[in-house]
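A.B. asks: Next up is a structure, given as structure tokens.
What follows is calculated from the coordinates using simple rules that are stated; it is not laboratory data. What you see is a predicted model; the values in this text were computed from it and never measured. Virtual Cβ from ideal backbone geometry, glycine too; neighbours counted across all protein chains shown.
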Amino acid sequence: MTTVVLVIVLLATAAIVCTGIFVTLRSFRAENRTPVEAKPRHSWSNPHDAATTAALKHYFEGKQCASCGRTIPPVHAGELRPGLLNTNTHEAMTWDAIPAANLSATLASHVPICSNCLTIETLRRQHPELVVDRHRTIENSSH
Ligand SMILES: [Zn+2]
């Protein structure tokens, strides 16, 4: 009698465990079945062809920023790029906005600025109400 009860309990336990495994596996499969939308990898946009990019890199190589006076670091993919500043209008031009056509004329009529100053000039132009000029230099910036 005890053996029969033990076998029934054992079979019931085995059935419950098997049902649990089945339900778990089915939910895993259902989860895998939903299509995963792969987002395109973020790539740094470069509107210029190889020759224009090379010409721009050569132009900025070793140049000093017209705004802060620091040497503009070499241009690497994935990093912030320097830009140009129109000395007449004081309008900043991002790397991407530098036109490939008439490149030499554009480079002649503008001065190079580093990526930091480009960001500052862009902010200054887009949100002049947020910018306060204090004319600090690096040496006395702690004051
Ligand atoms: Zn600068």
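A.B. asks: Being closer than 14 Å to Val111 by Cβ and out of contact with any strand residue (DSSP E or B) (no Cβ under 7 Å at 6 or more places or on another chain) is the filter here; which residues of the stretch 71-88 pass it?
C.D. replies: Answer for the stretch 71-88, where residues must be closer than 14 Å to Val111 by Cβ and out of contact with any strand residue (DSSP E or B) (no Cβ under 7 Å at 6 or more places or on another chain): just Asn88.
A.B. asks: May I pose another question? Here are some conditions: (1) within 14 Å of the ligand (Cβ to nearest atom); (2) over 27 Å from the mean Cα position of the chain (by Cα); (3) of a type outside the set (Phe, Trp, Tyr). Asn116 meets all but one. Which one does it not meet?
C.D. replies: (2)
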